[in-house]
Structure formats: C-alpha cells, structure tokens
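K.L.:
Here it is, the structure, as structure tokens.
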Amino acid sequence: MTSPPMPAGDDRKRVRVKTAKGRPLASKLWLERQLNDPYVARAKAEGFRSRAAFKLIEIDDKHHVLKPGGKVVDLGAAPGGWSQVAAKRVRAVGVLERLGFKIYDSGSAFYLWARIPEGHGDAMQLNERLIADAGVAAVPGSAFTDSDAWDDYLRICIAREDDILDSALGKLERALGS
C-alpha cells in the first residue's frame with residue numbers, strides 16, 4: 001500500500017512510525033496518516049482542537065449556517081473543534097454587525113471582509129483612528145486588490161487565540177461603540 005503524496009506546497013518530510021511493536025497494522029497506518037496530515041498540523045499551529053474545524057469553516061463559507069444569536073448544538077463534541085469555530089465566528093460577526101459593519105462572504109476560512117459603516121471614512125482613516133484610540137488595527141481591503149473600490153472594506157483575521165481575538169473585539173467596541 002502506498003501513502004498519498006503530501007499536498008503541493010507542503011514541504012514537511014513524511015513521518016514513518018517505527019515503533020509498531022504490539023500495535024495492530026490498522027493502528028500503525030492511522031497514526032502515520034495522522035502524523036502526516038497537513039490539516040492536523042495546521043489545526044495545531046492555529047490553535048484549533050481538531051482538523052474538523054476546517055470542515056465547518058468550509059461549510060459556513062459556502063452556506064452561511066452560523067449567525068449571531070443562533071443556537072449551536074454540537075453533539076458528540078469531542079474534542080470540540082466545531083464548537084470552537086462556531087463560537088469564534090459568531091462572536092466576531094456579532095460584534096462587527098452591532099457596530100454597523102456589513103459582513104461579506106470572505107471566501108476565506110480565517111478572514112472576515114467588513115464594509116465600513118457610513119461616517120467612519122475609508123479604511124485608512126478608520127485604521128488611523130483605531131490605532132490612536134484603541135491600539136488595534138485591521139487590514140484595508142484595498143491592500144489585496146489593484147482597485148480603489150475596496151477602500152471602504154476591512155479584512156479582519158479571526159484565526160487567533162480566543163483571548164487575543166476577544167481583546168481586539170473589545171477594543172474595537174470601545175473605540176467605535178456609540
């Protein structure tokens with residue numbers, strides 16, 4: 001049986017389980033797959049409890065199932081990757097919408113695109129205010145395009161540890177809350 005190749009762009013070396021004594025072959029093969037799975041490595045690096053987090057992110061990006069104020073029941077939630085993603089997304093979108101931002105489909109697992117509400121200027125002006133008043137900043141949408149059409153948008157990363165994300169959202173609320 002040959003192992004599947006690593007995805008393009010993944011330069012990690014393939015790990016082979018050498019201490020298979022006493023392990024059934026199925027256990028050895030599962031452990032090798034787990035140790036070599038790029039999503040397992042990515043989940044660990046980004047603070048997610050499991051690789052399943054990426055499945056929910058993909059589902060939500062496509063079907064928008066997570067909404068602020070909605071209820072999420074994660075049956076069999078061990079290790080709880082889906083609950084972790086749901087809470088993070090709903091929390092961030094809820095804060096931004098309360099502040100008047102309109103959230104657009106990001107096409108990305110870890111970023112929210114938010115249209116800046118009227119009265120806050122463009123992304124650069126808002127960022128200057130946020131840095132001065134709250135010590136927090138977001139990335140202007142125009143940094144990712146060749147068009148000035150995205151000057152009224154911010155790209156906000158939600159792939160951070162919960163305490164860092166909560167701190168940034170709190171600062172945003174204090175700076176922009178009416």
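K.L.:
Springs between alpha-carbon pairs under 10 angstrom, Gaussian network model over the chain: which of Lys67, Lys102, Lys21 fluctuates most?
P.N.:
Greatest mean-square fluctuation among the candidates belongs to Lys21.
K.L.:
Identify which of Arg98, Arg115, Arg23 has the largest mean-square fluctuation in a Gaussian network model of the chain, with springs joining Cα atoms closer than 10 Å.
P.N.:
Maximum fluctuation in the GNM of the chain, among the listed residues, is at Arg23.
K.L.:
Net charge within 12 Å of Ala53 by Cβ-Cβ distance, Lys/Arg positive one each and Asp/Glu negative one each, not counting Ala53 itself?
P.N.:
On the way: positive: Arg42, Lys44, Arg49, Arg51, Lys55, Lys88, Arg89; negative: Glu46, Glu58, Asp60, Asp74.
So the surrounding residues net to +3.
K.L.:
With all protein chains present and a 1.4 Å probe, how do Trp30, Trp82 order by accessible area, largest first?
P.N.:
The residues order as Trp30, Trp82, largest area first.
K.L.:
Determine the share of the chain's accessible area contributed by carbon and sulfur atoms, expressed in whole percent, with a 1.4 angstrom probe. Can you show the working numbers first?
P.N.:
Working: 6120 of 11300 Å².
That share works out to 54 percent.
K.L.:
Keeping all protein chains in place and using 1.4 angstrom, which order do Arg49, Arg91 fall into by accessible surface area, from largest down?
P.N.:
Values: Arg49 140, Arg91 75 Å².
Ranked from most to least accessible, the order is Arg49, Arg91.
K.L.:
Also: Quick one: of Lys44/Lys102; Lys62/Lys88; Lys44/Lys67, which pairs are farther than 23 Å apart, Cα to Cα?
P.N.:
On the way: Lys44/Lys102 31 Å; Lys62/Lys88 17 Å; Lys44/Lys67 26 Å.
Result: Lys44/Lys102; Lys44/Lys67 exceed 23 Å.
K.L.:
For the chain, report the accessible area per residue in Å² (1.4 Å probe, heavy atoms, rounded to an integer).
P.N.:
63
K.L.:
Tell me the relative contact order for the range 36-128 as a rounded percent, counting alpha carbon contacts under 8 Å between residues six or more apart.
P.N.:
In percent, rounded to a whole number, it is 22.
K.L.:
Accessible area of Glu128, 1.4 Å probe, to the nearest 10 Å²?
P.N.:
120
K.L.:
Now, a different point. Whenever you get a sec, line up Thr145, Thr19 from highest to lowest accessible area (probe 1.4 Å, protein heavy atoms).
P.N.:
In descending accessible area the options line up as Thr19, Thr145.
K.L.:
Also, quick follow-up: Across bins of 5 angstrom width beginning at 0, how are the C-alpha pair distances of the range 79-146 distributed, in whole percent?
P.N.:
That works out to 3, 14, 22, 26, 18, 10, 5, 2, 0, in percent per bin.
K.L.:
Calculate the length of the line joining the C-alpha centroid of the range 27-59 to that of the range 118-135, in whole Å.
P.N.:
Their Cα centres are 37 Å away from one another.
The values are calculated or read from the model by the stated rules, or taken from the named source; none is laboratory data. From a predicted model like this one, the values you see are computed outputs, not experimental measurements. Reconstructed Cβ throughout: ideal geometry from the backbone, glycine too, with neighbour counts over all protein chains shown. In case anyone asks, the SASA skips ligands and DNA or RNA and just uses the protein heavy atoms, side chains included. Shrake-Rupley method; radii C 1.70, N 1.55, O 1.52, S 1.80 Å.
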